[in-house]
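The values are calculated or read from the model by the stated rules, or taken from the named source; none is laboratory data. The structure presented is a predicted model; accordingly, all values stated were derived computationally and were not measured. Positions of Cβ are generated from backbone atoms using ideal geometry, with glycine treated the same way; all protein chains shown enter the neighbour counts.
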């Protein structure tokens with residue numbers, strides 16, 4: 001298997017529900033043709049996640065439907081977005097697709113965690129989770 005484009009050393013532990021795992025995995029298959037790098041990164045993320053039933057998932061974990069406030073530490077820009085499936089994405093209304101570069105990096109993280117997650121062009125950056133609703 002090809003080495004991922006991001007640093008494995010700066011990847012915190014993540015958690016995902018069984019339902020989100022199945023939904024995300026099905027979207028990865030569709031993404032492989034149009035966005036192979038994002039598909040690979042998203043697959044790597046869900047494969048390393050600890051999978052839980054929905055009622056056992058910690059409350060502060062970013063899931064599909066979560067509203068997450070995060071800071072891109074390379075620019076100090078803070079954003080508040082809802083994580084959604086690609087069909088529901090609308091960045092103007094604050095709905096970020098799980099199939100986007102940032103959406104793929106946020107899934108499964110908890111409030112207070114940070115992840116080394118590159119820009120689409122490969123430049124490094126760190127995303128820090130401030131709050132999960």
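Of the residues contained in segment 81-95, none is found to be within 10 Å of residue 62 (Cβ to Cβ) and in a helix (DSSP H, G or I). Considering only residues in segment 93-109 that are under 8 Å from the mean Cα position of the chain (by Cα) and free of Cβ contacts under 8 Å to residues at least 60 places away in the same chain, the one that is farthest from residue 133 (Cα to Cα) turns out to be 102. Condition first: part of a strand (DSSP E or B), at pLDDT below 95 and closer than 22 Å to residue 36 by Cα. Can you find one or more residues in segment 99-121 that meet it? Scanning segment 99-121, I find at least one residue that is part of a strand (DSSP E or B), at pLDDT below 95 and closer than 22 Å to residue 36 by Cα, so the answer is yes. When segment 73-96 is limited to residues that are modelled with pLDDT of 95 or more and either surrounded by 21 or more Cβ atoms within 10 Å (Cβ to Cβ) or in contact with a helix residue (DSSP H, G or I) (Cβ under 9 Å, 6 or more places away or on another chain) (or both), the one that is farthest from residue 18 (Cα to Cα) turns out to be 79. Filtering 68, 24, 38, 28 for residues that are at pLDDT 95 or above, touching a helix residue (DSSP H, G or I) at 6+ places or on another chain (Cβ under 7 Å) and crowded, with 18+ Cβ neighbours inside 10 Å leaves a single hit, 68. The set of residues in segment 108-124 that are touching a helix residue (DSSP H, G or I) at 6+ places or on another chain (Cβ under 9 Å), within 17 Å of residue 78 (Cα to Cα) and buried (at least 17 other Cβ atoms within 10 Å of the Cβ) comprises 115, 116, 117, 118.
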